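The values are calculated or read from the model by the stated rules, or taken from the named source; none is laboratory data. Everything numeric here is computed off the predicted structure, so don't read it as measured data. Glycine gets a Cβ as well: all are built from the backbone with ideal geometry, and neighbour counts include every protein chain shown. Areas reflect the complete protein model, heavy atoms only, side chains present, ligands, DNA and RNA absent. Shrake-Rupley method; radii C 1.70, N 1.55, O 1.52, S 1.80 Å.
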Amino acid sequence: MDFKRFFEFTSLFLLALLLVFVQPALSQSSGKVKTPEEQFGFKPGADRMMFDYEQLIDYLKILEKQSPMIKLQEIGESPLGKKMYIAFISSADNINNLDTYREINKELALNTNLPEEKLNELAGMGKVFFLATLSMHSSEVGPTQAAPLIAYKLITTDDPEIKSWLDDVVYMMVPCHNPDGMDMIVHNYNKYKGTKYEGSFYPGVYHKYVGHDNNRDFVTLTQKDTKAINWIWSKGWFPQVMIEKHQMYYNDARYSVPPPHDPISENIDSELWNWIWIFGSNMTRDMVSENLSGVVQHYLFDDYWTGSTETCIWKNVIGFLSEAASVQVAKPIYIEPNELKVSGKGLSEYEKGINMTLPWPGGWWRLGDIVKYEISSTLSIIKTASLHREDILKFRNYIAQRDVKNGKENPPYYYILPKNEQHDQGEFVNLVNLMAEHGISIYELTAPATIDGKTYNEGDMVIPLAQPFRAFIKETMEAQAYPVRRYTPDGPIIKPYEISSWSLPLHMGVNAIEIKNTSSINNSLLKELKGTYNLEKNSPETFKGLIYSCNNNAAYKALFLANQIGVKVQTIYKEIIVDDKMVPIGSFYIPYNQADLKKIQRIVLEINIPPIVDTIGISDVGNEIKIPKIALVETYYHDMDSGWTRYLFDSYYIQYDILHPADIAKKGILDKYGLLIFTDTNAEALKYGKVTYGSYSFTINMPPEYMGSMGDEGVQNLLNFIENGGRVISWGDSTKLFMGTLTLKKDKNTTETYTLPINDISKEITAKGFYCPGSFISLKLNTDNPFAYGMPEVTGGFFTGEVMFKTSIPEFDMDRRAIATFSKKDILKSGYCEKEELISGQTGMVWLKKAKGDLILFSFKPQFRASTQVTYKLLFNSIIR
């Protein structure tokens with residue numbers, strides 16, 4: 001036990017108690033607290049009325065000045081630079097002693113050596129911190145619009161029962177998880193209010209980059225708002241209870257509460273699932289007692305994936321989500337009883353049952369109804385947290401103790417990342433720092449050690465599983481094996497709600513070795529990582545050139561940064577040895593130039609791998625790399641995959657313009673580009689503005705200025721672009737633009753009809769039983785091809801099964817080469833797949849030639865949610881080679 005830490009903590013707490021008892025008891029401000037109606041000019045939840053983010057924060061700051069029961073803390077900023085906050089709401093005494101309670105939270109969450117007597121003491125003194133993150137999906141406006149009413153009610157109530165709850169509980173409200181998106185949605189709604197387009201679909205992603213995918217970012221933490229929220233439970237306040245508040249379909253049940261549906265993550269402590277059930281059962285009971293109908297539990301949403309509760313349950317937080325039925329943003333809707341339906345997981349009929357004891361009968365549904373449900377559900381959670389305060393606080397420490405015990409007694413005991421056995425050194429560095437950002441303790445070997453029969457070296461990184469966030473480590477470091485559950489014995493499986501693979505070592509291409517036999521490594525060999533991990537590098541003063549190995553994604557970042565700031569980069573056209581280091585073919589060479597020295601030094605400092613220094617002047621370099629002018633095609637249909645691609649390109653200094661599908665129909669617009677990129681976007685939506693899945697087709701409800709498509713003219717311009725020497729990169733559904741019979745009008749009297757030597761066989765293979773919900777699939781690469789430079793011969797890719805290629809013998813002015821094929825055995829590496837043998841040997845990435853131009857098509861997603869770094873190089877090579 002760390003007695004120094006123990007006595008420091010005890011002294012701190014006794015001092016805080018002394019301050020509380022000797023000072024006059026704090027009470028609510030004697031002045032009048034401003035009501036939401038007075039601030040906004042309407043009661044939140046009123047039909048067709050909303051405030052924006054700035055107005056919300058302004059009101060909370062007014063409450064903070066007027067009441068000692070609320071305190072705001074800035075926790076970060078959004079991708080567009082808006083400040084993000086937690087609003088702490090509790091009794092005045094609790095607010096005055098937040099820092100003391102934060103220390104208690106930290107002790108309970110992380111100190112697994114507390115004596116039982118000390119644990120009981122802390123549990124007796126501590127408060128349950130209940131975190132609510134509101135409206136991360138910005139079109140789901142209800143939770144955030146309810147926030148002022150909840151805050152006002154809690155700080156002005158005369159109800160002695162609610163006051164007693166706030167003596168036990170600190171409510172932590174993130175008033176809006178996605179400030180940028182909130183303003184986009186509110187301002188767009190107001191723009192069209194009173195017109196026939198009121199409540200229509202927002203044109204674009206309601207975020208700088210990722211839109212509805214923001215809750216899918218809680219493993220890789222790429223976005224600023226995600227980082228801010230993750231900090232709260234990973235390093236900041238260590239709350240014990242958390243809810244993520246959402247909305248769902250118009251015509252579903254009215255309000256979904258926990259527990260989730262099966263399947264669930266098997267790495268999570270069993271007792272935590274039972275606590276989730278307790279909170280959900282109490283929510284149902286309390287809400288139904290208020291005659292709030294249509295409350296459903298154990299329904300639709302499973303908790304076996306990364307987005308359900310922002311991964312907080314993997315860090316021992318009692319976490320869950322709620323989902324309210326939506327309106328048309330703020331516009332009321334009327335729902336006929338026959339239009340009500342359910343989705344089959346937990347409810348097969350819209351009828352009274354154990355999971356929905358009081359069905360909603362239909363009729364008008366308003367934003368004010370959603371607000372009413374949000375207030376009721378929030379109060380219920382606060383009530384339950386108060387009723388079980390000491391048990392919840394003790395549980396937080398017990399689960400941490402069990403994590404450490406399991407880490408010592410059950411393999412794997414460690415993950416070791418060998419520093420010098422990494423194909424991509426930069427991603428090795430990124431993984432170490434990502435795990436540290438998640439609050440994971442990481443250690444560096446200080447001397448060689450033989451572990452499980454293998455010798456590891458000084459500088460290798462070690463992640464023990466005997467630590468409080470063991471579930472998170474195991475979930476993110478191991479390959480996923482989907483827990484198959486069925487509706488009936490031998491019946492159909494319960495399919496995943498979303499993706500089924502998120503293994504960081506696999507997705508990032510990092511060698512991480514599971515230690516299954518050695519349960520203890522001598523502590524004298526381990527030095528804990530403090531701060532940011534970096535590889536040692538120096539900015540050389542004299543050199544002939546700097547080399548970045550194309551095995552590293554960071555090398556491409558160096559290339560694109562150099563291109564942006566005007567520094568010459570050449571390609572190395574054969575494998576060479578420099579300074580006793582192997583340099584693979586296709587690597588990048590930055591020649592010394594005194595005029596560019598400061599720019600080159602910027603590159604060295606910014607790139608997270610050290611360059612290989614050429615001191616003699618090698619001759620095996622080719623021409624300067626010229627990067628084509630790029631257009632990224634993005635629809636207005638909440639095009640998240642394009643948004644993720646924009647994020648990736650911005651992160652790597654790849655310069656591009658945005659074209660919308662209707663732009664492609666404009667005469668001459670493609671003439672200034674050398675490369676067009678189509679992301680995973682519905683091909684029919686690109687061509688004709690209709691989203692099509694099989695036989696089902698629909699148009700998006702948006703104003704006409706956003707409904708434009710390529711049309712026949714745009715398709716012709718696209719085919720001519722390729723014919724005249726342009727390059728197209730496409731993946732996912734957009735590749736269907738180039739399948740089947742294509743007709744090119746060469747002039748008024750001449751047309752050419754042709755089929756590229758490739759076909760989409762996904763319908764055929766799916767009909768035979770193939771199913772892949774988003775898994776990591778083994779790929780075999782032709783590494784002699786420049787598009788695969790820097791890649792190992794066998795790797796993996798993220799595959800959803802939507803498109804599958806089969807090549808054919810080319811004719812006329814066409815050709816093809818398979819760059820990547822699905823492996824013939826051991827195909828599934830992580831996730832879930834049915835009848836994987838059906839894709840054995842099929843083409844996953846292909847280069848196609850047509851006349852003077854070419855296309856590079858992917859059936860897998862090379863940059864999926866900025867989380868598949870292992871295949872980034874295939875995309876980058878497609879841009880530059």
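Across the stretch 813-822, rounded Karplus estimates of 3J(HN,Hα) from the backbone phi angles (6.51 cos²θ - 1.76 cosθ + 1.60, θ = phi - 60°) give 9, 10, 7, 7, 9, 7, 8, 9, 10, 5 Hz, Gly and Pro being marked x. Per atom type, the chain shows carbon and sulfur on 49% of its accessible surface, probed at 1.4 Å.
Rg ratio for the chain: its Cα radius of gyration over 2.2 N^0.38 Å, N being its residue count, equals 0.99. All distinct Cα pairs of the stretch 129-192 go into the 1/r average, and the inverse of that average, the Kirkwood radius, is 13.1 Å.
Whole number in Å², please: accessible area per residue of the stretch 359-443, 1.4 Å probe, ligands, DNA and RNA not counted.
Working: 2730 Å² over 85 residues.
Roughly 32 Å² per residue, with all protein chains present.
Of the beta bridges in the chain, as assigned by DSSP with both residues counted there, near 65 percent are antiparallel. Multiplying the residue separation of V484 and F42 by 0.36 nm and removing their Cα-Cα distance gives an extension gain of 154.2 nm. Straight Cα distances below 18 angstrom link K687 to the aspartates and glutamates E634, D639, D641, D663, E705, D712, E713, D733, D760, with same-chain residues fewer than 8 positions distant left out. To the nearest 10, the accessible area of D826 is 110 Å² with a 1.4 Å probe. For the stretch 459-584, the solvent-accessible area of protein heavy atoms averages 44 Å² per residue (probe radius 1.4 Å; ligands and nucleic acids excluded). For the stretch 292-407, the fraction of alpha-carbon pairs lying more than 26 Å apart is 36 percent, rounded to a whole number.
If the stretch 509-576 were replaced by its equivalent ellipsoid, with semi-axes equal to the square roots of 5 times the Cα gyration tensor eigenvalues, what would those be, largest first, whole Å? Display every interim value, and only then the final one.
Values: eigenvalues 259, 57, 32 Å².
Semi-axis lengths for the stretch 509-576 are 36, 17, 13 Å.
Taken one residue at a time, the phi angles of the stretch 833-838 give Karplus couplings (6.51, -1.76, 1.60, θ = phi - 60°) of 8, 10, 6, 4, 4, 5 Hz. Gly and Pro are set to x.
Full extension from E54 to E74: what is 0.36 nm times the residue separation minus their Cα-Cα distance, to one decimal in nm? Walk me through the numbers before you get to the answer.
Working: separation 20, 0.36 × 20 = 7.20 nm, distance 1.41 nm.
Result for the pair: 5.8 nm of gain on full extension.
By how many nm would the segment from E837 to K763 grow when fully extended, if each residue of separation counts as 0.36 nm and the alpha-carbon distance is taken off? Full extension of this stretch gives 25.1 nm more. Lysine pair count for the stretch 431-569 (Cα-Cα distance under 22 Å; residues 8 or more apart in sequence or on different chains): 13. In straight-distance terms, cross-link reach from K71 covers every one of the aspartates and glutamates whose alpha-carbon lies under 16 Å from its own, apart from those fewer than eight places away in the same chain; here that gives D58, D93, D99, D167.
Could you rank T144, T357 by how accessible they are, 1.4 Å probe, largest area first? Kindly include the intermediate steps, with their values, before the conclusion.
Numbers: T144 5, T357 60 Å².
Highest to lowest solvent-accessible surface, that is T357, T144.
Summing charges over all other residues whose Cβ lies under 10 Å from the Cβ of L347, with Lys and Arg as +1 and Asp and Glu as -1, gives -1.
A simple spin-label model places the labels of D391 and I162 2.5 nm from each other, with each point 7 Å out along Cα-to-Cβ. With all protein chains kept in place, the per residue accessible area of the stretch 93-220 amounts to 29 square angstrom at a probe of 1.4 angstrom. Would you calculate, for the chain, the mean residue ellipticity at 222 nm contributed by helices, counting each DSSP H stretch of 4 or more residues as -39,500 (n - 2.57) and dividing by all residues, to the nearest 500? Value at 222 nm, helices only, nearest 500: -9500 deg cm²/dmol.
Using the Cβ-Cβ distance between K599 and H187 with R0 = 41 Å, the FRET efficiency computed as 1/(1 + (r/R0)^6) comes to roughly 0.55.
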